1. I'd like the residue in region 467-492 that is without any contact (Cβ under 8 Å) to a residue 60 or more places away in the chain and farther than 21 Å from LEU578 by Cα and, out of all such residues, is nearest to the chain's Cα centre (by Cα).
2. For the condition under 24 Å from ILE589 (Cα atoms) and open to solvent by 50 Å² or more (accessible area, probe 1.4 Å), what is the one hit in ARG531, ARG555, ARG520?
3. Which residue out of ALA65, ALA122, ALA118, ALA141 is surrounded by fewer than 23 Cβ atoms within 10 Å (Cβ to Cβ) and either among the aliphatic types (A, V, I, L, M) or farther than 30 Å from GLY244 by Cβ (or both)?
4. When you look at VAL328, is it buried (at least 22 other Cβ atoms within 10 Å of the Cβ) and not in a loop (DSSP other than H, G, I, E, B), yes or no?
5. When you scan region 405-426, do you find a residue that is without any contact (Cβ under 8 Å) to a residue 24 or more places away in the chain, of a type in the set (A, V, I, L, M) and assigned to a strand (DSSP E or B), even just one?
6. What are the pairs, 6+ residues apart or on separate chains, where a residue within region 442-454 that is on the phi > 0 side of the Ramachandran plot has its Cβ under 8 Å from a residue that is not charged (D, E, K, R)?
7. With GLN495, GLN478 as the choices, which residue is closer than 28 Å to VAL267 by Cβ, part of a strand (DSSP E or B) and out of contact with any helix residue (DSSP H, G or I) (no Cβ under 6 Å at 6 or more places or on another chain)?
8. Can you pull out every residue in region 384-404 that is over 19 Å from THR462 (Cα atoms) and either open to solvent by 40 Å² or more (accessible area, probe 1.4 Å) or of a type in the set (D, E, K, R) (or both)?
Amino acid sequence: MTFFARSASLAAAALVLCLAAPAGAQDAAISPAVIPAPLSVTTEAGAFRLDGTTVLAAPAGDAEAAAAARYLADLLRRTRGLDLTVAVGAGAGASAVVFRRGEAEADGYTLEIGPDGAVITANDAGGFLYGAVTLWQLATAQAGQGPADLAAMRVVDAPRFGWRGLMLDSARHYQSPEFIKAFIDWMALHKLNVFHWHLTDDQSWRLEIKAFPRLTEVGAWRVPAGAAAQADIDPATRRPRLHGGFYTQDEVREIVAWAAARNIVVVPEIDVPGHASAAIAAYPELGVTDAPGAAVPAVPADWGVYPALFNTEESTLAFFHQVLAEVVDLFPGAYVHLGGDEAVKDQWKASPRTQERMRELGVADEAALQSWFIGRMEQYLNQHGRRLIGWDEILEGGLAPNATVMSWRGVEGAVEAARLGRDTVLSPAPTFYLDNRQSAADGAPGRGFVVPMEALYSFDPTPESLTAEQAEHVLGVQANLWTEHMRDEARVEHQAYPRVAALAELAWSAPERMDWDDFRARLTPQLARYRTLGIDYAESALSPGPAPLPPQGERRYDHQMTLCSEGIALSLIDDAPLQGERASFLLDIMNPCWIYQAADLSDGVAFEAAVGQVPFNFQIGADIEKVRLRAPRTEAGELEVRIGNCEAEPALVIPLAGAAANHGVSVVRGELPATPGVHDLCLTFTQAEVDPIWGLDWVRLSPAERR
């Protein structure tokens, strides 16, 4: 990828569209209904009616222009019901959108709209495509079907960054090839151009490798965590039903070609040397076989960081060289992502053979050993015309000679890489982690932290600590969709949109063109486009503050209460029912405790709560000893309700024996004594062991006499 620097004249250009403005006017405060905001817009006199007589014309012999014309025709057919003719090499006629090759930056274009038609000028496939997307957005600025009137204007546009990325984790939960292609379609509509595809992890190996079939025969399948999944017996195997799937090489080639037609490069991620459990379950000899407890008997279903590492023998490197041979054949893009993150070195430290290997190689410590391992992988990729990119841990122990750093633990990794003269991509958590909630009113499964759209929009991709020369190494930005808590494709859409629109503008638009209030105004027609295309966006993102509390007597859901602490706050989906909608429980897994605020207890109240259990399937190492457990009175435990604070004696204790026997959500009841005034309630559970963990779905307080 190339970092697209701008000339001073273009960078200073003001952007404009005001339909009532005189011809040639520019106004930096008003933008056309286009996301991301173009670099420069100048209004002209008149308007062009786009209707069923309009021809989309491309010159003979220009396959890229013709492809963009057909792409635009398809978009207009799906969103406005217009069936336009695409003419290649023929006369355009009186009403036409003409695609013409001419001078433009990479992925840039000029769009000129006059009373008789429009001209899109570009010099590459991306420019033609993005010019078409801008014209389509102008045509859909007003909802409805049929013709569209486009104000005359001249748009000159090009991207700020060459890496405009979105990562999808298909390892934790599998998505269908059809969904992947739709996901890529939506990326193109936002002028994003890098699809980072997370294909391997502890919980699965999703990519077919013909040399090693067990990677998918074994590594692509697991039994989900939880009692409900354990009880779901597959009659064919008489064992718990497996979750999973994998992508055949034919499916991958189809997806890669689909992406390329939309100016998107697919960057596959094959994670080494950590996140290795699924591969080791398939081929045990890849693991650290002489470390205590290192065996991986089956693909695991916990989330978090496993200790499993690949060993550093030459045979294991030969294995991965064969894997990479198939990877580079399937993915023609410049980059292969090799992870490198969260590789806990305990197994290497405990392995006599690994320690001997370090002495053979002359490396000083385990961090240097990982650097050596990554370096050998990079050497193979470089020999085959590819570049390595990895998470910022690849800086530890020494950065491989030509590696690019994707900085996720804040911006420090990017700063260090740029100071070393290496390319970098900004992807810092939590801002760019779209598995975080979109607003405090969002009860969707995911991480409990809230990342509102404005936080993503206002991020500065070029830290002030970098010099101008160092900032040239910032290739761009990328947001990530980790899917531990997104069990279906609808959840992926909900978590991604509309925040992807903010990502798109951050990645594409010049800083002087970015204005939050203006973006919010342009988001209104964008949401209408989402509805037309069937993109299931999160409406909660539009109201980032907490939702108003429902009045007493109505259900108050977990995300409308306050967590007592946020050690590891997660919104966890219930493991039952097996089919249909499931509840999600917002809780701190280190201290499950909620505050129900402002309860009027003057006359006593009937108390109801919907409760459920979820598996404690989290690899958190020694921190598991810090999980707060409250001693139970009975075997199944109790729900305790305290008035005023969490240290008071319980005012209500509800046994959970019946709820514990139900895989789904149960409603439990009790009565709180009359206590003058308005008080907060502290809600906690008792349990003897960490697994499973109790969660609250909702609480309702009503007058005692209405029980």
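The values are calculated or read from the model by the stated rules, or taken from the named source; none is laboratory data. Computed from a predicted model, the values in this text were never measured in an experiment. Heads up, the Cβs are rebuilt from the backbone with ideal geometry, glycines too, and the neighbour counts pull from every protein chain shown. For the accessible areas, the whole protein counts, side chains as well, though only heavy atoms, and no ligand, DNA or RNA atoms are used. Shrake-Rupley method; radii C 1.70, N 1.55, O 1.52, S 1.80 Å.
1. In this case the residue turns out to be ALA471.
2. Values: ARG531 fails: under 24 Å from ILE589 (Cα atoms); ARG520 fails: under 24 Å from ILE589 (Cα atoms).
Being under 24 Å from ILE589 (Cα atoms) and open to solvent by 50 Å² or more (accessible area, probe 1.4 Å) holds for just one of ARG531, ARG555, ARG520, which is ARG555.
3. Every option except ALA141 fails the conditions.
4. No; evaluated as a whole, the condition is false for this residue.
5. yes
6. From residues that are on the phi > 0 side of the Ramachandran plot, the pairs are GLY446/ASN436; GLY446/HIS485; GLY446/MET486; GLY446/GLN495; GLY446/LEU570; GLY446/SER571.
7. GLN478
8. Of everything in region 384-404, those that are over 19 Å from THR462 (Cα atoms) and either open to solvent by 40 Å² or more (accessible area, probe 1.4 Å) or of a type in the set (D, E, K, R) (or both) turn out to be HIS384, GLY385, ARG386, ARG387, GLU393, GLU396, GLY397, PRO401, ASN402.
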